[in-house]
Structure formats: C-alpha cells, structure tokens
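The values are calculated or read from the model by the stated rules, or taken from the named source; none is laboratory data. What you see is a predicted model, and the numbers here were worked out from it, not measured in a lab. Here the Cβ positions follow ideal geometry from the backbone for every residue, glycine too, while neighbour counts run over all protein chains shown.
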Amino acid sequence: MIPTMIVLFVVGYLFIALEHKIRINKSAVALLMCGAIWTVFSLAGHDQRIGTELVDQLGNTCEILVYLIGAMTIVDLIDSHGGFNIITDHITTRNKHKLLWLLALITFFMSAVLDNMTTTIIMVMLLRRIIADQQERWVFAGLIVIAANSGGAWSPIGDVTTIMLWMRGNVSAGALIYNLFLPCVVSVVIPAFLACRYISNTDTVAVATEPPAEELPAGIGPRLSRLILITGVASLLFVPLFKELTGLPPYMGMIISLGAMWLLTEIIYDRKQNMARTNQPRVPKVLKRIDMPTILFFLGILMAVAALQSAGVLTDMAQWLDKQVHEVFAITGVIGLLSSVVDNVPLVAASMGMYPIADAASIAASSDPAFMRSFVADGLFWHLLTYCAGVGGSLLIIGSAAGVVAMGLEKINFTWYFKKISLLAFAGYLAGIGVIWLEHLIGF
C-alpha cells in the first residue's frame, strides 16, 4: 500500500514538473493524483477511519483555499481599477542602476502584501515600457523574480507557503517579520549589487514600440483608483491584525475583508448612474477572472500530501532525516535547493506533515531536547523553512510562479537565466541563511 502511494505521488509529480513539455495542465494531474492516492489508502483497509481523515484534512486544506480566493479577488479588484498604475506611474528615474535598485525595492515590499506572481506581472509589464534592450531587460526581470520571492518570504501574507505556515500556527506574524526581514533584505541586496555588472550606468532610451496601457472603463478616474488601492491594501493588512486581536483563523479575517471591499464597491457603483453596469468591475465580475485552475492545483497537491501524512509516510521520512542528518540548517537548506526544481507548496506541506509542532512534553521526551526545540512554534526550523522554500525558488527560472511568469512574458531562456542569474540568486540565498545563523547564534 505504502509503496503504491509513493509511486503514484512521484509519477504524478513528474507530470506536474514537466507540464510545459507534455502540455497537460498540472491541475488535472494534481486532482487525479489526489484521488488515486486516497483510493489506494482506502482500499488498503483504512475504510473505517477514512471518512474522519478526509474531513479533517479537507477542512485544513479549505482554510487555505478560502483565504487564497479572498486574497486573489481583492488583488484583482485593485488591478481592475488601475490601482497598481498609481505605483508604477510614480517611477520617474531613468538611470539604469538607480532604476534597478528602485524596482527591486518596490517589488520586495509589494510582494509582501500581494502574491509574488501578481507583483512580477506588474513589474515586468513596466519594464517593457522603459527598457528597450532585451538582454538588459532580462537582467531586470531576473532581479524582479528574486525580489518577489524574497519579499514574500518574510510576510505572513506574502506567499502561499508563508500563509500555510502562519494559518497552521507554525509561525506567528510578528516573529516571522522580526526574524526574516533582514535575511530576506540581504538575499536581494547582494544579487542587486552583483547585477549592476551586467548593465551600463546610463539612462534608459525610450522604447519605440511601447505597449499601450490597458484603458480603464469610462467613469473610473484617478480618485477611485487611489481609493480602491488604499482600501484594498488596508484590507489585506487587516487580516494578520485581526488574527492577533481575536485569535480567529486568518481565513475569517479575509472573509471580512472581502465582504467589506464588496460592500464598498457596490455602494460606489450604485451611485454611478451614468456608467453602464457591464463596464463596472464589481466583485461578481472580478470573481469570474479568478485563477481557479491554480486553486484546484493547490487542492489536489495539498490533499495528496495529506494522504501521505495520514498513511505515516511523512513521519517515517522525518525519522530517517533525524537519524541521518539531524541538523536543521542542512535539512532546510536542501529543501530550499529542491524548491528551485519542485514546487515549494508540496515541499512545505510535506515538512509540516513530517514535523508536528513540538510542545514541552515532546521536548522532554526527546533524546536531543536542543534539536527538538527547533520545532516549537516560531522555532528555528520553521523560520528557516519559510526562508529557504521561498527564496530558494529563485535559483532556477522554473522554481517559482514569479519565475515562470517572467519566463513567459519575456521569453527568458532557461540556460541564460542559469548562467546569468542563478549564481546571483544562490549568493543571496546563502548570505540570508548566514544572517539567520548569526541571529540564532547571538539570540536575536
């Protein structure tokens, strides 16, 4: 039973990793893989408790999916009102080195609030309007990928993996920001400094074939765009504050935020009598544009990992790592390297299944209490895992959603990225781990 479940997972994941080659949507594969693994688990004689296991695991997974649907809707609502244009339109410098640092800084902080894929799309589309030379534009895009992944790693709402760890109680918002902000900054600063070698310290030349900006519907002016941007970002930032104040799970805060944005836009458009309803980007219209294949991919992959957890596969793997490696920096460092090839969502989900949050009793019962203390809530292991899984995705262009988006928009060559950007990203990745090690050493 166990070998069959593992084989199904490995084969399914190979199809997911080779999506661009075999041209089969990874969401379809993830759903089939999920169903097949749970079926094998049930047929192996676990039908007595399979119902309870499924309900518990599906409940945990759906918490994350509800949160993501709400966040995606709010971000898309801001975009449909031209809110992000307000940010990009204020970038006036044309010196390439200054522009490189500025775009990295903006991307770093934007991806801490938005998802890294949306941030990358916004910044790469901006690049196409201001950088004419393709090779230089690729350098800028590579740095944007690094900054987007690093920016999402220190924020509880910045990446799917940080959302997962935060929602399950492995990390708290304050401790995550406090411990990972500096390492994530370092993981961007070093690649940015090195990337300056690849571009000349001159002003940009106007792009002759500048893509036209997407026009907003008549009736949406700068004032409304600014209002939706401010309220949308505030509603996203409200979620971690809500959790800290009430103790309720984050998805409940996201439900409130989405409801508030929905109510606000309904009131606004009910007063715009001169604007055709078909042109009004209300929430029901925005919901139709939500990336449901991605949501279903997360459903399939997280439930497939949950089946392995229920079968005890992940526990056995954790015990093997404890005996053979027994070093949190080594374990998480390898996970970070794997995240450049394998999607970081199942890696983090598997790690959460392998290592439950340690409590006082498990620490006392352990043969190595110092090692076990790394697995308490907000322990060293969880912060390292968050950093390595997020930042490690920058090592290859296919290692993150941000990289895949940049690759698609700019047609960046895999080999070119590996030769020019991977070493920069790896230097930043190692430097960030070094900062975490120093923080741990001095008790920061």
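Scanning the stretch 166-197 for residues that are of a type outside the set (A, V, I, L, M), part of a helix (DSSP H, G or I) and crowded, with 19+ Cβ neighbours inside 10 Å yields Trp166, Asn179, Pro183, Cys184, Ser187, Pro191. Exactly one residue out of Ile295, Ile255, Ile357 is outside any helix (DSSP H, G or I), under 18 Å from Asn60 (Cβ atoms) and not basic (Lys, Arg): that is Ile357. The lone criterion from (1) aliphatic (A, V, I, L, M); (2) surrounded by 17 or more Cβ atoms within 10 Å (Cβ to Cβ); (3) at pLDDT below 90; (4) over 21 Å from Val313 (Cα atoms) left unmet by Ala349 is number (4). Look at the stretch 336-363: where a residue is over 14 Å from Ala306 (Cβ atoms) and a partner is crowded, with 21+ Cβ neighbours inside 10 Å and aromatic (Phe, Trp, Tyr), sitting 6+ places away or on another chain with Cβ atoms under 8 Å, you get Gly336/Tyr387; Gly336/Tyr429; Tyr355/Phe375; Tyr355/Phe381; Ile357/Phe375; Ala358/Phe375. Checking Ile144, Ile157 one by one, the residue that is in a helix (DSSP H, G or I) and either surrounded by fewer than 24 Cβ atoms within 10 Å (Cβ to Cβ) or in contact (Cβ under 8 Å) with a residue 12 or more places away in the chain (or both) is Ile144 and no other.
What about Ile267, is it modelled with pLDDT of 90 or more and surrounded by fewer than 17 Cβ atoms within 10 Å (Cβ to Cβ)? Yes, satisfied. Evaluated against (1) surrounded by fewer than 14 Cβ atoms within 10 Å (Cβ to Cβ); (2) modelled with pLDDT of 85 or more, Leu31 falls short on exactly one condition, (1).
Within the stretch 301-316, does at least one residue satisfy the condition of being surrounded by fewer than 17 Cβ atoms within 10 Å (Cβ to Cβ), outside any loop (DSSP other than H, G, I, E, B) and not charged (D, E, K, R)? Yes, because at least one residue in the stretch 301-316 is surrounded by fewer than 17 Cβ atoms within 10 Å (Cβ to Cβ), outside any loop (DSSP other than H, G, I, E, B) and not charged (D, E, K, R). So which of Ala406, Ala370, Ala402 is at pLDDT below 90, over 24 Å from Ser340 (Cβ atoms), of a type outside the set (Val, Ile, Thr) and not in a loop (DSSP other than H, G, I, E, B)? Exactly one residue qualifies, and that residue is Ala370. Within the stretch 70-80, does at least one residue satisfy the condition of being aliphatic (A, V, I, L, M), more than 17 Å from the chain's Cα centre (by Cα) and buried (at least 23 other Cβ atoms within 10 Å of the Cβ)? Yes, the stretch 70-80 contains at least one residue that is aliphatic (A, V, I, L, M), more than 17 Å from the chain's Cα centre (by Cα) and buried (at least 23 other Cβ atoms within 10 Å of the Cβ). Screening Leu337, Leu385, Leu314 for residues that are at pLDDT 90 or above and aliphatic (A, V, I, L, M) leaves exactly one candidate, Leu385.
How many residues does the stretch 402-427 contain that are over 27 Å from Ala132 (Cβ atoms) and either among the small types (Gly, Ala, Ser) or touching a Cys at 6+ places or on another chain (Cβ under 6 Å) (or both)? Explain how you work it out, then say what you get.
Residues of the stretch 402-427 that are over 27 Å from Ala132 (Cβ atoms), as a first pass: 426-427.
In the following step, the residues that additionally are either among the small types (Gly, Ala, Ser) or touching a Cys at 6+ places or on another chain (Cβ under 6 Å) (or both) were identified as 427.
Residues in the stretch 402-427 being over 27 Å from Ala132 (Cβ atoms) and either among the small types (Gly, Ala, Ser) or touching a Cys at 6+ places or on another chain (Cβ under 6 Å) (or both): 1 in total.
For the stretch 253-292, the set of residues classified as without any contact (Cβ under 8 Å) to a residue 40 or more places away in the chain, of a type in the set (S, T, N, Q) and in contact with a helix residue (DSSP H, G or I) (Cβ under 9 Å, 6 or more places away or on another chain) consists of Thr278 only. Entry remark, the stretch 413-432: residues being buried (at least 23 other Cβ atoms within 10 Å of the Cβ) and over 17 Å from Val334 (Cβ atoms) number 4 in total.
Considered as a group, the residues in the stretch 92-132 that are surrounded by fewer than 16 Cβ atoms within 10 Å (Cβ to Cβ) and without any contact (Cβ under 8 Å) to a residue 40 or more places away in the chain include one that is nearest to Val188 (Cα to Cα), and that residue is Leu102. Restricting Gly353, Gly393, Gly408 to residues that are more than 17 Å from Gly151 (Cα to Cα), touching a helix residue (DSSP H, G or I) at 6+ places or on another chain (Cβ under 6 Å) and not aliphatic (A, V, I, L, M) narrows the list to Gly353.
Of the residues Ile220, Ile228, which is at pLDDT below 85, surrounded by 13 or more Cβ atoms within 10 Å (Cβ to Cβ) and either among the hydrophobic types (A, V, I, L, M, F, W, C) or part of a loop (DSSP other than H, G, I, E, B) (or both)? First the steps, then the outcome.
Values: Ile228 fails: at pLDDT below 85.
Testing whether each residue is at pLDDT below 85, surrounded by 13 or more Cβ atoms within 10 Å (Cβ to Cβ) and either among the hydrophobic types (A, V, I, L, M, F, W, C) or part of a loop (DSSP other than H, G, I, E, B) (or both) leaves just Ile220.
Quick one: would you say Ser340 is in a loop (DSSP other than H, G, I, E, B), buried (at least 17 other Cβ atoms within 10 Å of the Cβ) and among the small types (Gly, Ala, Ser)? When the stated conditions are applied, Ser340 passes them.
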